[in-house]
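Participant: Take this structure first; my questions come after.
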Amino acid sequence: MSTARDLFIISVDQPPEQAVGQGDLSLALAGAELIDLIGAGAVTVDGDRIVPGGPPAAGDRLLGEAAALLVRQPPHERIEDWLWRRGRDLSAGYRTALERDGELVRRRSGRLSLGPEQVAPADTPARRRAADRWEEGEAVLTALASAVGLGNSGDSDGNDGNGPSGEETGLETGTETGPETGPETGLDDAVTTVVAAVHDAVMELEAVRQRRAIENSAFANLWRGP
């Protein structure tokens, strides 16, 4: 299983009040793929640009698809641009893939199971592996989850009781500057650069949402009249 698959499983294994926006999740999944490609030696990071190397190990179709989409001719693609390009509807792609692999099951929410249909992780080794990484505060998964708002709400320590807090992992979560760098975080420079880009992209997407909400409200008030 890849970091992206683990992140998706963690995101759907949360209570309703911690539901993750699909746009935010798609950006984080694109970042997770890039981090996995770095770990596999398939890419390196030069400043804010992605430099492709050899192909990743076979076995993960979506990660192979991500590698095939890399820009191999200089000037190489900026990390930010990759997140937006690869991230388009990526969460839907992971949902489809995980359902096909039997890692997700469909269920209905609400009383008497009459609510809208949702997906939840199946009780599989993949779910247990993702849960172990999450509960242990594995640095990469925690940093990406924090970018989409997981693990940084709830009690006064910034922990919802299900995942690690920022204090436990040495990460700054939910801030405009993104995660701290350094050996105490467990993130190397390349991974920190990717995680910071994910944080920035998620904040940019939220700014777009807020701007559209304001514009729609102003338009509605205009038609409503005095």
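A short reminder: the numbers here are calculations on the coordinates, not readings from a lab. Keep in mind that what you see is a predicted model, and the values were worked out from it rather than measured. Every residue, glycine as well, gets a Cβ built from its backbone with ideal geometry; the counts of neighbours run over all protein chains shown.
Participant: Determine the shape class of segment 1-116: with a ≥ b ≥ c the square roots of the Cα gyration tensor eigenvalues, call it rounded for a/c under 1.5, and otherwise prolate if a/b is greater than b/c, oblate otherwise.
Facilitator: prolate
Participant: A further question on this structure: Could you tell me the calculated FRET efficiency between A68 and A207, based on Cβ-Cβ distance and R0 = 45 angstrom, to the nearest 0.05?
Facilitator: 0.90
Participant: On a full-extension model of 0.36 nm per residue, what is the gain between V119 and D189, subtracting their alpha-carbon distance, rounded to one decimal in nm?
Facilitator: Gain in length upon complete extension: 21.7 nm.
Participant: If r is the Cβ-Cβ distance from E135 to E80 and R0 is 45 Å, what FRET efficiency results, to the nearest 0.05?
Facilitator: 0.90
Participant: Would you kindly state how much longer the chain becomes between Q22 and V51 on full extension, computed as 0.36 nm times their sequence separation minus their alpha carbon distance, in nm to one decimal?
Facilitator: Between Q22 and V51, full extension yields an extra 7.7 nm.
Participant: I need the peptides 7-13, 187-193 ranked by packing, meaning the mean over residues of other C-beta atoms within 10 angstrom, with the highest value on top.
Facilitator: Output ranking for 7-13, 187-193: 7-13, 187-193.
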